[in-house]
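Here is the structure we will look at, set down as C-alpha cells.
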Amino acid sequence: MRDKKTPALFLFIATFLVLGFFYSNGFCQAKPATESSTDKIVAMVNERPIYESALSQEVDEHLEKYSKFGVKKPTPELLHILNKRALDAIIDEEVFSQALGQYTIADIDQKAQKELDSLKTQYKTREEFDKYLKMRRLTEEELLASLQYKLRVDAYLESQGILHFEPAAEEIHSFYDQSKGDMFQKKERVRVRHILIQVEEGADQSTKDAARQKAEDIRSKVKSGQDFATLAEKHSDCLSSNQRGGELGFVEKGFMPPEFEAIAFSIEKDTISEVVYTKHGYHIIQVLEKEPAGYTSLDQVRDFIIRYLEDKHLQRLRREHLKNLRQQAKIEIFIQ
C-alpha cells in the first residue's frame, strides 16, 4: 500500500475535494428541513422544502468569515452573491442527501461500531478519548452517527466509481516532466553547524575584540582535533542549535545573514571556516553536506503526484455526478 502523506514542500498545492460537505466536522450531513409556520420556503428539491432560516444560517457563517477581514457591513451586491452561493450549496447537499438516502448498506450499525471501537483503542484511557470528543465538539453518539454517515458516503461513491482512482504510470511521468520546472525545482542548499560567540548590538570595541579572540581560541581547538559538537554545546551562544552540537540543518540562500551565507556556500564540505562576523557576533562554520540546485527526483514526489492526480480526477467525476443529480431532480427556486 502506498504512503499517501503529502510532502511538506508541496503543501501549497494541496487540493480540496469538490464535495467537501461530505466530511465537514465529522462528516457533515445535509441540513434537515424543519417545518415552521413562519419560516419562508426559498426552494424545493423534489418536493422537499429548503427554508429561509437554513439559508440565513449559511450566509451568516460566510459573513462571519468576511468580518475577520474587515467587512463589517456587507453591500447588497455581496449579500446577493452569498445568498446565491449558499442556496446552491444547500441544493447540492439536498440532492446528494436524497440520492444517498436511497442507498443502503448491510450491517452499517455493526461496521460503524467496529470503527468506533478501533478509534477508542488509539487512546490509553477513557479520559483521553473524552478529551478528543470535547475537542471535536461531539458526543459519542454523534461520533457514531458520523461514522455511519461516512460509511454510507464511501459506499455510495464506490458504487458510482468515484471513490478511488489510480493514475497510470505514463500520466505520473508526464505530470512530473511538465511540472518539475515550477513545482519540483530545488535551490542549492547546505547543511551546516556553527559555534556563535554573541556580541550585543552597540558593544564597544574591546568587547568585540574579546569575543573574536574567544572564537579564534575555539576554532584552534576544533582545528587541533577537538569535537566540534562538544565545543558547540559548551560555548555556543546560539540557543536554537547549541544543544544539537551547533546543527542548523539544511539552509538555502536568503535565510541566513549574507556574511554567513557567503562563507557557508563557498567552502568545501567538512571544512572549518575562518571566524566570520555577522550582526549576531562571531561564527565558526562547518559544512556537513552540500546539495546543488536541481529538481526533486520523481521517486521523492511520486506519492504526492499520485494523490494530486487522484484528487483532480475524482473532483471532475464528482462535479459531473452532482451535475447529473441536479439535472434529474425537480428544483424550484422562489427567490432572486
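A few points about this structure:
Conditions (1) touching a residue at least 24 places away in the same chain (Cβ under 8 Å); (2) in contact with a Ser or Thr (Cβ under 9 Å, 6 or more places away or on another chain), marked per residue:
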position	(1), (2)
270	no, no
283	yes, yes
295	yes, no
298	yes, no
320	no, no
324	no, no
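- Strands (runs of 3 or more DSSP E) within region 250-336 that include 2 or more residues of a type outside the set (D, E, K, R) and surrounded by fewer than 16 Cβ atoms within 10 Å (Cβ to Cβ): 331-333
- Out of 205, 243, 185, 226, sole residue that is surrounded by fewer than 16 Cβ atoms within 10 Å (Cβ to Cβ) and in contact with a strand residue (DSSP E or B) (Cβ under 7 Å, 6 or more places away or on another chain): 185
- Of residues in region 162-196 being modelled with pLDDT under 95 and among the small types (Gly, Ala, Ser), the one farthest from the chain's Cα centre (by Cα): 181
The values are calculated or read from the model by the stated rules, or taken from the named source; none is laboratory data. Just so you know, these numbers come straight off a predicted model, no measurement behind them. Cβ: placed from backbone, ideal geometry, glycine included. Neighbour counts: every protein chain shown.
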